[in-house]
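Every number here is computed from the coordinates shown, using simple stated rules; none is lab data. None of the values given here were measured: they were computed from a predicted structure. Here Cβ is always computed from backbone atoms with ideal geometry, including for glycine, and neighbour counts include all displayed protein chains.
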Amino acid sequence: MSDDQDLFLQMASEFPVRTGIYTFGLPVFALLQLINGFVHEGSLGYIGLFAVLMVAFSVKLTRYQIAVYRRQKVANW
């Protein structure tokens, strides 16, 4: 495992709710938006773009939280 993966697992065990919302909550929300658009015959192009942006935002937000967690670990060391 890489250092980021180890820190992610440590962060997830220390802050499970925050990590779950940032990492899994946003992509699940995007998936639900896709399903909603499909069921209600919405514009799937725009909804798909929204879903891709939400997943990308989730990745960046999770990486940011890992960086913040790493800085806190170094500062408390």
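Close Cβ contacts (under 9 Å, 6 or more residues apart or on different chains) running from residues in segment 56-71 that are of a type outside the set (Phe, Trp, Tyr) to residues that are surrounded by 14 or more Cβ atoms within 10 Å (Cβ to Cβ) and not in a helix (DSSP H, G or I) comprise 65/15. The set of residues in segment 35-77 that are farther than 30 Å from residue 11 by Cα and either hydroxyl-bearing (Ser, Thr, Tyr) or touching a strand residue (DSSP E or B) at 6+ places or on another chain (Cβ under 9 Å) (or both) comprises 43, 46. The condition (being assigned to a helix (DSSP H, G or I), surrounded by 11 or more Cβ atoms within 10 Å (Cβ to Cβ) and over 17 Å from the mean Cα position of the chain (by Cα)) is satisfied by just one residue among 37, 42, 20, 25: 37.
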